[in-house]
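Q: Just passing along the structure, written as structure tokens.
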Amino acid sequence: MDKIIVSIFGVISILFTYWFFFMKKVNTVVATDEINILVDGGYKPERIAIPYGKTTKLVFHRKDSSSCLEEVVIADFKVRKFLPLNEKTEIEINPTKKGEFDFSCGMGMFHGKIIVI
Amino acid sequence: MNKQTFAIKGMHCASCVYTNEKALKAISGVTEAVVNLTTGKATLTSEQPVETNKIVDAVASVGYQVLIEKEESLDDKIKTEKIKELKELKVKVIVSLFLSGFIVWGSFPGLMNTAPDIVKNMFYHFLLASIVQFWGAYDFYRATISSLRHRIANMDTLVVIGTTVAYLYSTAVVFYPGFFERLNLKVEPYFDVSTVIIGLILLGRFLEAQAKAGTGEAIKKLIGLQAKTARVIRNKKEIDIAIDEVVAGDLIRVRPGEKIPVDGVIVEGESAIDESMVTGESMPASKYKGDTVIGATMNKSGSFVYKATKVGKDTMLSQIIKLVEEAQGSKAPIQRLADIISSYFVPIVIMLAISTFVGWYVFGPSSAFIFAMLNSIAVLIIACPCAMGLATPTAIMVGTGIGAQHGILIKDAESLETAHKIKTIIFDKTGTLTKGQPEVTNIVLIDKARYQKFFDGKQKTAKNLVSSLLNLSASIEKSSEHPLGEAIVNKAEEEKLKLSKVIKFKSITGKGVEGIVDGKKVYVGKLLNDLSIKEADKLKNQGKTVVYVYVEDKLVGLIAIADTVKETAREAVQQLQNLRIDVFMITGDNRETAQAIALQVGIKKENVLAEVLPEEKEKKVKELKRNNQIVAFVGDGINDAPALASADVGIAMGTGTDVAIEAAGITLVNKNLMSVVSAIKLSKQTMKTIKLNLFWAFAYNVVLIPVAMIGLISPILASGAMAISSISVVTNSLFLKKAKI
């Protein structure tokens, strides 16, 4: 009997894990000239839409002391920048191509997206 | 108008304000000075920025003190933060491992017999384990909670789930042993598991953070090269000022053994300068009036004055730093797969751990719950996404850094990756394989006896005769503006010959120049009749240009001039061929000249692309690319931009101070052709490191996760393996520093 309960519980846990991590909906925030991105256990907002051919200022505010999030990498714009704790770090980007570009922490565990529209 | 604001210490009344304002206004060039008592700050308005020492002196002269607070640089911030982080981590590692050691001593079968009763007490274990769990692993909890809010899981999540399960189970065993007895489970806590895992993972983090600091060392060294002060000459006085106060146009004095502060051009004096730190060229360069000097290089012998041309972010060093930083921010295509996998990795590991638990609980032997719990913890702990994330970037950081130290600037990680696959390399001839400046290569006397007779037999030895012929020709050519003439004059100057006086100088368009030297009519230029001269033909076949010297209308000698190949060309071509790279040469020159140069440097006859117009170079590159070959083009980066851009890897060479070349994937700061070989070797070494790192990171997880699932690894062993896994990847990247390139 206990084995059946554990099995059912296991299946539910796996489904929950799948739903929790892989099925999340992420809203896109449209940035005009400047956007604040909170760095605390991830990036908030995670999906940022920025205009094509215009300089947008991304202001990363790191509040998470974990060393994992100490760097932000926006590889398509050749940016790898250290974010001092509890400070705002400005990164200016001027996209010359449209599309979706990933940004992540130094080790690639936390991700965000920049959508050039 | 320029404004400067700074704080003044020691002001307490309105008269202090007045005194300070008066002193500041007295500084030459200051148009206005406003001192505010409440904020304790002064604002100066001036035409030109006022040097800090002048401000300090002016304020000190009236008995106050200027507080110059420099804003902490990003580098300092990183350093402070890292030192703090490492210090905290060190304390946590020591305490956690120490406490877990006690728990192991008091609970490990065999070992526990030697322990006093207090050490064996379960409540005492609970107390120590709680400290490790909530103080030692505090950062893991905080990171997990904040990332779960974003519905993201990472390494910390795995550690937290694994150790929390062990800790909570053990706590329940300590406080409700009866419950477990009724379930036929041994009353045995697993505090050793939770604490040792935390201790070892913290130790892993500590070592990893230390090793990672080493990967960015190269760029720190480059930043550290910057001089702090400059001795500028203003109003005929030499003053030492901070480097950021130097403006373009300033005259700067540099003495032997001093660092050159910014880029510029020598206006007075000469010296030998060690430029190895910026260009990677090991031989000191001789510099004279009119030559450019690079900031951050070292003046060896002479004292000189130079005019600053580029300061601040425009200097060559600043541009190199920017380029390296950008390259380190880019991603190598090889990293893509690792990126995709690591973004799904942690949730999948959680699912596998749940499956392991269920599998062992349902199918495991008696006391299945314990097996199920310990094995699923082992799965959570052994999984190491960090190694995958660190595999490529750490190697790229080290690789691009080493490159910069050798004068090899890599634009992005993709260029570094592509360079290791180069199968064909095309060298532009002029200025790349050759020095790009015509030089006298041969001086031949045609009729020794007649020549001697002309000049009354003054010169006896053959060496004397040759020098005399060169002297004669150079004396005439001195007044000409032809590049070939310049080569002859340069040669004479090199041999320190004293030129003779020329009268009745005449330039014959399309032919040559003539004049009277020592009473004799001398002509230097093209052949004056159609006779074929054996010696001249031989030189022409070697791709050289021949200039004929006539005295009194009689041909007496020949001077051969050619664009000479660089000393390093032959060795570089040979080494590239040893790397199984097909070497081509491209030039606008005629086939004979091109073949002659190719022969000298060791390029195969069929690989010579001669008589190619500049605009056709790009087309030739594309033709060679058609056979699915990875093609590199090596050129000067100015005229060859389209060819550089169309090659898979464009390599721009020796472009002096203008390093930010968009078209090139790799820029070589020096003109040494061996740097091309070094760049390719660097790429090969870096890729080897990346591949080994990725293999290790993937194989580790692919092999050990299933091993943990079938219960062959204890959770404690798993945490040890995990810690070693990411450190080994970073350490392997650091080994790149030892690579021979």
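The values are calculated or read from the model by the stated rules, or taken from the named source; none is laboratory data. This structure is a prediction, so every number in the text was calculated from the model and none was measured. FYI the Cβ positions are ideal-geometry reconstructions off the backbone, even for glycines, and counts take in every protein chain you see.
Q: Go through B:Ile118, B:Ile78 for me and flag whichever is in a helix (DSSP H, G or I), more than 14 Å from chain A (Cβ to nearest Cβ) and modelled with pLDDT under 90.
A: Values: B:Ile78 fails: more than 14 Å from chain A (Cβ to nearest Cβ).
Within the list B:Ile118, B:Ile78, the selection yields B:Ile118.
Q: Taking the stretch B:340-354, which residues are touching a residue at least 12 places away in the same chain (Cβ under 8 Å) and either β-branched (Val, Ile, Thr) or facing another protein chain (nearest Cβ under 7 Å) (or both)?
A: So the first thing to find is which residues in the stretch B:340-354 are touching a residue at least 12 places away in the same chain (Cβ under 8 Å), and the list is B:341-342, B:345-347, B:349-350, B:352-354.
Within the stretch B:340-354, B:Ile341, B:Ser342, B:Val346, B:Pro347, B:Val349, B:Ile350, B:Ile354 qualify.
Q: Would you check if there is a residue in the stretch B:127-141 being of a type in the set (Gly, Ala, Ser), over 22 Å from B:Ser96 (Cα atoms) and either in a loop (DSSP other than H, G, I, E, B) or within 11 Å of another protein chain (Cβ to nearest Cβ) (or both)?
A: Applying the first criterion (of a type in the set (Gly, Ala, Ser)) to the stretch B:127-141 yields B:129-130, B:136-137.
Going one step further and asking which of them are over 22 Å from B:Ser96 (Cα atoms), we end up with none.
No.
Q: Any residue in the stretch B:61-75 that is within 14 Å of another protein chain (Cβ to nearest Cβ), loosely packed, with under 14 Cβ neighbours inside 10 Å, free of Cβ contacts under 8 Å to residues at least 60 places away in the same chain and under 30 Å from B:Tyr167 (Cα atoms)?
A: Scanning the stretch B:61-75 turns up no residue that is within 14 Å of another protein chain (Cβ to nearest Cβ), loosely packed, with under 14 Cβ neighbours inside 10 Å, free of Cβ contacts under 8 Å to residues at least 60 places away in the same chain and under 30 Å from B:Tyr167 (Cα atoms).
Q: Right, B:Asn113: over 30 Å from B:Tyr138 (Cβ atoms), over 42 Å from the mean Cα position of the chain (by Cα) and exposed (fewer than 14 other Cβ atoms within 10 Å of the Cβ) or not? Steps first, answer last, please.
A: Numbers: over 30 Å from B:Tyr138 (Cβ atoms): yes; over 42 Å from the mean Cα position of the chain (by Cα): yes; exposed (fewer than 14 other Cβ atoms within 10 Å of the Cβ): yes.
Yes.
Q: Inspect all residues belonging to the stretch A:61-72 and state whether any of them is over 22 Å from B:Arg151 (Cβ atoms) and of a type in the set (Ser, Thr, Tyr).
A: No: zero hits.
Q: Taking the stated definitions as given, is A:Thr56 surrounded by 20 or more Cβ atoms within 10 Å (Cβ to Cβ), more than 8 Å from chain B (Cβ to nearest Cβ), over 13 Å from the mean Cα position of the chain (by Cα) and in contact (Cβ under 8 Å) with a residue 12 or more places away in the chain?
A: Working: surrounded by 20 or more Cβ atoms within 10 Å (Cβ to Cβ): yes; more than 8 Å from chain B (Cβ to nearest Cβ): yes; over 13 Å from the mean Cα position of the chain (by Cα): yes; in contact (Cβ under 8 Å) with a residue 12 or more places away in the chain: yes.
Yes; evaluated as a whole, the condition is true for this residue.
Q: Could I ask something else about it? I want to confirm something. Restricting to the stretch B:188-228 and keeping residues that are outside any helix (DSSP H, G or I) and modelled with pLDDT of 85 or more, which single residue is nearest to B:Leu323 (Cα to Cα)? Working first, answer last.
A: Taking the stretch B:188-228 first, the residues outside any helix (DSSP H, G or I) are B:188-190, B:216, B:226-228.
This time we only want the ones that are modelled with pLDDT of 85 or more, so: B:188-190, B:226-228.
On the way: B:Glu188: 59, B:Pro189: 56, B:Tyr190: 52, B:Gln226: 16, B:Ala227: 20, B:Lys228: 22 Å.
Step by step, filter the stretch B:188-228, then rank; the result is B:Gln226.
Q: Sort through B:Val50, B:Val95, B:Val91, B:Val35 and tell me the only one that's within 30 Å of B:Glu208 (Cβ to Cβ) and in contact (Cβ under 8 Å) with a residue 24 or more places away in the chain. Please lay out each step first, then the result.
A: On the way: B:Val50 fails: within 30 Å of B:Glu208 (Cβ to Cβ); B:Val91 fails: in contact (Cβ under 8 Å) with a residue 24 or more places away in the chain; B:Val35 fails: within 30 Å of B:Glu208 (Cβ to Cβ).
Only one candidate qualifies: B:Val95.
Q: Across the stretch B:355-397, what is the number of residues that are touching a helix residue (DSSP H, G or I) at 6+ places or on another chain (Cβ under 8 Å), among the β-branched types (Val, Ile, Thr) and more than 10 Å from every other protein chain (Cβ to nearest Cβ)?
A: So the first thing to find is which residues in the stretch B:355-397 are touching a helix residue (DSSP H, G or I) at 6+ places or on another chain (Cβ under 8 Å), and the list is B:355-362, B:364-365, B:368-369, B:371-397.
Cutting the leftovers down to among the β-branched types (Val, Ile, Thr) gives us B:356, B:358, B:362, B:377, B:379, B:381-382, B:392, B:394, B:396.
With more than 10 Å from every other protein chain (Cβ to nearest Cβ) added as a condition, the list becomes B:377, B:379, B:381-382.
Summing the residues that are touching a helix residue (DSSP H, G or I) at 6+ places or on another chain (Cβ under 8 Å), among the β-branched types (Val, Ile, Thr) and more than 10 Å from every other protein chain (Cβ to nearest Cβ) in the stretch B:355-397 gives 4.
Q: Out of all the residues in the stretch A:36-53, which are assigned to a strand (DSSP E or B) and in contact with a helix residue (DSSP H, G or I) (Cβ under 8 Å, 6 or more places away or on another chain)? Steps first, answer last, please.
A: Taking the stretch A:36-53 as the starting set, the residues that turn out to be assigned to a strand (DSSP E or B) are A:36-39, A:43-44, A:47-50.
Correct list: A:Val39 only.
Q: Something else: Quick one: which of B:Val262, B:Val267, B:Val246 is among the β-branched types (Val, Ile, Thr), more than 22 Å from the chain's Cα centre (by Cα) and crowded, with 18+ Cβ neighbours inside 10 Å?
A: Working: B:Val262 fails: more than 22 Å from the chain's Cα centre (by Cα); B:Val267 fails: crowded, with 18+ Cβ neighbours inside 10 Å.
Exactly one of B:Val262, B:Val267, B:Val246 is among the β-branched types (Val, Ile, Thr), more than 22 Å from the chain's Cα centre (by Cα) and crowded, with 18+ Cβ neighbours inside 10 Å, namely B:Val246.
Yes/no per residue for (1) touching a Leu at 6+ places or on another chain (Cβ under 7 Å); (2) within 9 Å of chain B (Cβ to nearest Cβ):
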site: A:Asp33; (1), (2): no, no
site: A:Gly42; (1), (2): no, yes
site: A:Tyr52; (1), (2): no, no
site: A:Phe60; (1), (2): yes, no
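Q: Still on this structure: Conditions: (1) surrounded by 18 or more Cβ atoms within 10 Å (Cβ to Cβ); (2) within 14 Å of another protein chain (Cβ to nearest Cβ). B:Arg336 meets all but one. Number of the miss?
A: The number of the failed condition is (1).
Q: Would you check which residues across the stretch B:257-294 are outside any loop (DSSP other than H, G, I, E, B) and among the basic types (Lys, Arg) and list them?
A: The initial filter retains those residues of the stretch B:257-294 that are outside any loop (DSSP other than H, G, I, E, B), namely B:259, B:263-269, B:271-274, B:276-279, B:285-287, B:292-293.
Within the stretch B:257-294, B:Lys259, B:Lys287 meet the criteria.
Q: Only one of B:Leu148, B:Leu158 is part of a helix (DSSP H, G or I), without any contact (Cβ under 8 Å) to a residue 60 or more places away in the chain, of a type in the set (A, V, I, L, M) and within 14 Å of another protein chain (Cβ to nearest Cβ); which?
A: Details: B:Leu158 fails: without any contact (Cβ under 8 Å) to a residue 60 or more places away in the chain.
Exactly one residue qualifies, and that residue is B:Leu148.
Q: Oh, and also: If I ask for residues that are in contact with a Gly (Cβ under 9 Å, 6 or more places away or on another chain) and either modelled with pLDDT of 90 or more or aromatic (Phe, Trp, Tyr) (or both), which ones from the stretch B:550-565 would you list?
A: Answer for the stretch B:550-565, where residues must be in contact with a Gly (Cβ under 9 Å, 6 or more places away or on another chain) and either modelled with pLDDT of 90 or more or aromatic (Phe, Trp, Tyr) (or both): just B:Tyr550.
Q: Restricting the search to the stretch B:1-21, which residues are out of contact with any Leu (no Cβ under 6 Å at 6 or more places or on another chain) and under 13 Å from B:Thr43 (Cα atoms)?
A: Correct list: B:Met1, B:Asn2, B:Lys3, B:Thr5, B:Phe6, B:Ile8, B:Asn20, B:Glu21.
Q: Right, next: Restricting the first residue to the stretch A:1-30 and requiring it to be on the phi > 0 side of the Ramachandran plot, which pairs with a second residue that is surrounded by 11 or more Cβ atoms within 10 Å (Cβ to Cβ) and of a type in the set (S, T, N, Q) meet a Cβ separation below 6 Å and a spacing of at least six or different chains?
A: none
Q: What's the number of the only condition in (1) assigned to a helix (DSSP H, G or I); (2) within 14 Å of chain A (Cβ to nearest Cβ); (3) small (Gly, Ala, Ser) that B:Ala153 fails to meet?
A: Only one criterion in (1) assigned to a helix (DSSP H, G or I); (2) within 14 Å of chain A (Cβ to nearest Cβ); (3) small (Gly, Ala, Ser) is unmet by B:Ala153, namely (1).
Q: Assuming B:Lys521 fulfils every condition listed in (1) without any contact (Cβ under 8 Å) to a residue 24 or more places away in the chain; (2) surrounded by fewer than 19 Cβ atoms within 10 Å (Cβ to Cβ); (3) not in a helix (DSSP H, G or I) apart from one, which condition is it?
A: Single failed check for B:Lys521: (1).
Q: Based on what the data block shows, is B:Thr52 closer than 30 Å to B:Lys221 by Cα and surrounded by 15 or more Cβ atoms within 10 Å (Cβ to Cβ)?
A: Details: closer than 30 Å to B:Lys221 by Cα: yes; surrounded by 15 or more Cβ atoms within 10 Å (Cβ to Cβ): yes.
Judged against the criteria, B:Thr52 is a match.
Q: Continuing with the same structure: Can you tell me which residue within the stretch A:13-44, out of those that are of a type in the set (D, E, K, R) and within 14 Å of the chain's Cα centre (by Cα), is surrounded by the fewest Cβ atoms within 10 Å (Cβ to Cβ)? Walk me through it before giving the result.
A: Taking the stretch A:13-44 as the starting set, the residues that turn out to be of a type in the set (D, E, K, R) are A:24-25, A:33-34, A:40, A:44.
Now narrow it down to the ones that are within 14 Å of the chain's Cα centre (by Cα): A:24-25, A:40, A:44.
Working: A:Lys24: 11, A:Lys25: 5, A:Asp40: 19, A:Lys44: 15.
Checked the stretch A:13-44; the qualifying residue surrounded by the fewest Cβ atoms within 10 Å (Cβ to Cβ) is A:Lys25.
Q: Just to be sure before I move on: is B:Thr587 under 23 Å from B:Thr545 (Cβ atoms) and touching a Gly at 6+ places or on another chain (Cβ under 6 Å) in the structure I sent?
A: Values: under 23 Å from B:Thr545 (Cβ atoms): yes; touching a Gly at 6+ places or on another chain (Cβ under 6 Å): no.
Taking the combined requirement at face value, the residue does not satisfy it.
Q: Within the stretch A:1-33, count every residue that is outside any helix (DSSP H, G or I) and either modelled with pLDDT under 90 or basic (Lys, Arg) (or both). Steps first, please.
A: The first filter runs over the stretch A:1-33 and keeps only residues outside any helix (DSSP H, G or I), leaving A:1, A:23-33.
Filter once more, keeping what is either modelled with pLDDT under 90 or basic (Lys, Arg) (or both): A:1, A:24-27, A:31-33.
Number of matching residues: 8.
Q: Would you list the helices (runs of 4 or more DSSP H) that sit entirely within the stretch B:584-685 and hold 1 or more residues that are of a type in the set (Lys, Arg) and farther than 25 Å from B:Met397 by Cβ?
A: Values: elements: B:591-601, B:617-625, B:641-646.
Per the criteria, B:591-601, B:617-625.
Q: A further question on this structure: Cβ-Cβ under 6 Å, sequence separation 6+ or interchain: first residue in the stretch B:190-206 and closer than 13 Å to B:Val95 by Cβ, partner surrounded by fewer than 24 Cβ atoms within 10 Å (Cβ to Cβ) and basic (Lys, Arg). Which pairs?
A: Every condition considered, the pairs that remain are B:Leu202/B:Lys92.
Q: Also, quick follow-up: Could you check the stretch A:62-117 for strands (runs of 3 or more DSSP E) lying wholly inside it with 3 or more residues that are of a type outside the set (Val, Ile, Thr), without any contact (Cβ under 8 Å) to a residue 40 or more places away in the chain and facing chain B (nearest Cβ under 8 Å)?
A: On the way: elements: A:71-74, A:79-82, A:88-93, A:99-105, A:111-116.
Output list reads A:79-82.
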